[in-house]
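The values are calculated or read from the model by the stated rules, or taken from the named source; none is laboratory data. Keep in mind the model is a prediction, meaning the values are calculated, not measured. Here the Cβ positions follow ideal geometry from the backbone for every residue, glycine too, while neighbour counts run over all protein chains shown. Note: accessible area is taken over every heavy atom of the protein model, side chains too, but ligands, DNA and RNA are not part of it. Shrake-Rupley method; radii C 1.70, N 1.55, O 1.52, S 1.80 Å.
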Amino acid sequence: MLRCLFWNQHRKDLSDVVGAAAATLRPDILVFCETGAPSHRTINALSGTDAYHFTTGRVGNRFHIFTRFNKHFIGIRSEADRYLILDINLPARDRFLLMVLHAPSKIVGWDTTSLALEITQYVAALRKAQDKYDLPRCVVVGDFNMNPFEPGMVGANAFNAVMDARQAKKGSRVVQNQRYEYFYNPMWNLLGDHSPGPPATLYYDAHTQNEQHWHMLDQVIISPAMIDHFDVKSLRILEEIGDYNLLTAEGRPRSAKFSDHLPLYFELMV
């Protein structure tokens, strides 16, 4: 089993909280974007539990990835400024691709249509890597800057991510004689106030007519071949880490102290 944590840290140094996460959750893979902490500070914070190894991209420093296994077991298969595709090949475990991404934000002008068109490039790179390395098992995690129901998530030539694992296990669907592979999106299970934790991962009030306040921007999606390796019951949005409460009294992310995004935790049975 691999325990995984993702967090958009909103350009803050949250190394103390990360250290608490390592002590309480024992993650094997930690993925951060928009971190304000130098990698050595995070390594020092993690060192109280296990030895962690640092990985980042060759193109840029957008993603900070820390693993309890040596980086020699990680191969960079494709990358750009906004995504990184990693080949996780651990001894005596099932090999799989891990794509981490951070899509552009609507706050700086990217509308729904622009995001959907941008995402098709990420998907094309991922499909190319899957084909080249013959790896249908794939996990995509990151700040998508989209909700699960937006075109970039559900569009056939985008991620084609559905809420029903049974549908995703059919493998693909056909639109205009073109076949598109599915992803399964378990984040639908956590969307709304009847979920076990917060209603989504980010709270934002644009003071406009079309505003839903809570947004599920941070997500993990799984290829059909990986569904049986994903422990859906482990998936949760973290509202506390150790002694750190990440929510205000109103139940919103404590963005002034921590991040405006809440972290995701999930487990892979590989």
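Exactly one residue out of Ala51, Ala92, Ala45 is more than 27 Å from Thr120 (Cβ to Cβ) and either in a helix (DSSP H, G or I) or of a type outside the set (Gly, Ala, Ser) (or both), and it is Ala45. Taking segment 1-48 as the range and being open to solvent by 10 Å² or more (accessible area, probe 1.4 Å), free of Cβ contacts under 8 Å to residues at least 40 places away in the same chain and within 20 Å of Gly142 (Cα to Cα) as the test, the residues that pass are Arg11, Asp13, Arg26, Thr35, Gly36, Pro38, Ser39. What do you reckon, is Glu211 farther than 22 Å from Gly142 by Cα and open to solvent by less than 50 Å² (accessible area, probe 1.4 Å)? The answer is yes for Glu211. Flag: Asp218 does not match the condition of being surrounded by fewer than 17 Cβ atoms within 10 Å (Cβ to Cβ) and within 26 Å of Phe258 (Cβ to Cβ).
In the set Arg173, Arg137, Arg179, only one residue is in contact (Cβ under 8 Å) with a residue 60 or more places away in the chain and among the basic types (Lys, Arg); that residue is Arg137.
Quick check: anything in segment 105-119 touching a strand residue (DSSP E or B) at 6+ places or on another chain (Cβ under 7 Å), among the β-branched types (Val, Ile, Thr) and touching a residue at least 12 places away in the same chain (Cβ under 8 Å)? Among the residues of segment 105-119, not one is touching a strand residue (DSSP E or B) at 6+ places or on another chain (Cβ under 7 Å), among the β-branched types (Val, Ile, Thr) and touching a residue at least 12 places away in the same chain (Cβ under 8 Å), which makes the answer no.
Summed over segment 172-197, the residues that are touching a helix residue (DSSP H, G or I) at 6+ places or on another chain (Cβ under 8 Å) and in a loop (DSSP other than H, G, I, E, B) give a count of 5.
Quick grid of which residues meet (1) open to solvent by 60 Å² or more (accessible area, probe 1.4 Å); (2) farther than 21 Å from His229 by Cα; (3) touching a His at 6+ places or on another chain (Cβ under 8 Å):
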| residue | (1), (2), (3) |
| --- | --- |
| Asp50 | no, yes, no |
| Asn61 | yes, yes, no |
| His64 | no, yes, no |
| Thr67 | no, no, yes |
| Glu79 | no, yes, no |
| Asp94 | yes, no, yes |
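Pairs are defined by a Cβ separation below 7 Å, a sequence spacing of at least 6 or placement on different chains, a first member in segment 210-227 that is free of Cβ contacts under 8 Å to residues at least 60 places away in the same chain, and a second member that is open to solvent by less than 10 Å² (accessible area, probe 1.4 Å) and assigned to a loop (DSSP other than H, G, I, E, B); the pairs so defined are Trp214/Ala200. Taking Asp231 as the residue in question, decide whether it is under 18 Å from the mean Cα position of the chain (by Cα), modelled with pLDDT of 95 or more and either of a type in the set (Val, Ile, Thr) or surrounded by fewer than 19 Cβ atoms within 10 Å (Cβ to Cβ) (or both). Criteria met by Asp231. Which of the residues belonging to segment 86-138 are closer than 16 Å to Ile221 by Cβ and not aliphatic (A, V, I, L, M)? Across segment 86-138, the qualifying residues are Phe96, His102, Thr120, Tyr122, Arg127, Gln130, Pro136, Arg137, Cys138.
One residue is enough: does segment 8-20 have a residue meeting the conditions modelled with pLDDT of 95 or more and among the acidic types (Asp, Glu)? Among the residues of segment 8-20, at least one is modelled with pLDDT of 95 or more and among the acidic types (Asp, Glu), which makes the answer yes.
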